[in-house]
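Below is one structure, written out as structure tokens; the observations come after it.
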Amino acid sequence: DPERARQILREAGYRDRDGDGVVQDAAGAAVEFSLATNRGNPIRERIAELIIDQLAAVGMRVNLQTLSFPDLFERLDATYNWDAMLIGFAGGIDPASSENLLRSSGELHVWHPLQQRPATRWEAEIDDLLDQGTREIDAERRRDIYGEIQAILHDELPMIQLVRPNLYSAHRREVVNFQPSPWGFHQIE
């Protein structure tokens with residue numbers, strides 16, 4: 001909702017003070033940042049273009065940087081020289097497989113990296129919930145625990161998940177109790 005986005009920016013004090021189409025803060029600094037993604041991935045490059053166009057429509061200037069994947073990953077994981085990044089993180093069927101990204105001490109925890117202790121209260125809460133989720137064997141309780149993690153990520157927004165792949169499945173009529181999840185066949189038995 002571009003109008004709602006413009007309203008939120010106005011309420012936060014960001015306005016196009018010089019008429020150039022880009023909003024600025026009270027000190028006159030433009031809302032401008034770089035968005036990096038890997039070169040040669042046409043889907044990510046197209047998504048980046050859409051993001052840039054949508055943010056430009058509300059007054060933000062975003063500069064696209066397409067990098068080789070090794071250079072992109074070096075910025076993500078070694079130099080931390082990036083403003084925003086469009087990248088895919090692979091995970092498994094079980095939510096615990098994302099622990100390396102979500103846990104505050106995880107190698108792929110790219111916001112507040114290299115933590116000895118959680119930098120924020122909410123990261124500590126996610127760490128605790130990850131511990132609970134990996135110990136819990138009741139499927140409904142596990143779902144609730146991982147739902148709490150999703151709620152925290154929704155509120156704090158250290159990352160924004162943009163897309164999920166379409167997965168299709170088929171089975172013979174003779175197969176009973178076939179209930180694939182959105183992630184595939186995790187209960188194929």
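Would you mind computing, in nm to one decimal, how far apart the modelled labels at V176 and A151 are, each placed 7 Å from Cα along Cα→Cβ?
Placing both labels 7 Å along Cα→Cβ, they lie 3.8 nm apart.
Between R173, R142, R46, which gets the highest mean-square fluctuation from a Gaussian network model of the chain, Cα cutoff 10 Å?
Between R173, R142, R46, it is R173 that shows the largest mean-square fluctuation.
Quick check: with the 1.4 Å probe, what order do I149, I43, I51 take by accessible area, largest first?
The ranking, largest first, comes out as I43, I51, I149.
Using a simple charge model, +1 on the beta-carbon of Lys and Arg, -1 on the beta-carbon of Asp and Glu, nothing else, what dipole does the range 1-108 show about its Cα centre, in debye to the nearest 20?
Approximately 140 debye in magnitude.
Just how large is the dipole of the range 73-167 about the Cα centre, in debye to the nearest 20, putting +1 at every Lys and Arg Cβ and -1 at every Asp and Glu Cβ?
Its charge dipole is roughly 160 debye.
Among L101, A57, N81, whose Cα lies farthest out toward the positive end of the dipole of the range 50-126, if unit charges sit on the beta carbon of Lys, Arg (+1) and Asp, Glu (-1)?
A57
Could you give the angle, 0 to 90 degrees to the nearest 10, between helix 42-56's Cα long axis and the longest principal axis of the Cα atoms of the chain?
Its long axis makes an angle of about 50 degrees.
When the chain is treated as a GNM, springs tying every alpha-carbon pair under 10 Å, which of S34, S97, S169 comes out with the largest mean-square fluctuation?
S169
So with the 1.4 Å probe, I'd like the accessible area per residue for the chain, rounded to whole Å².
68 Å²
Please build a GNM for the chain, connecting alpha carbons under 10 Å apart, and tell me which residue among Q65, Q116, Q161 fluctuates the most.
Q116
The values are calculated or read from the model by the stated rules, or taken from the named source; none is laboratory data. What you see is a predicted model; the values in this text were computed from it and never measured. Note that each Cβ is placed from the backbone with ideal geometry, even for glycine, and that neighbours are counted across all protein chains shown. For the accessible areas, the whole protein counts, side chains as well, though only heavy atoms, and no ligand, DNA or RNA atoms are used. Shrake-Rupley method; radii C 1.70, N 1.55, O 1.52, S 1.80 Å.
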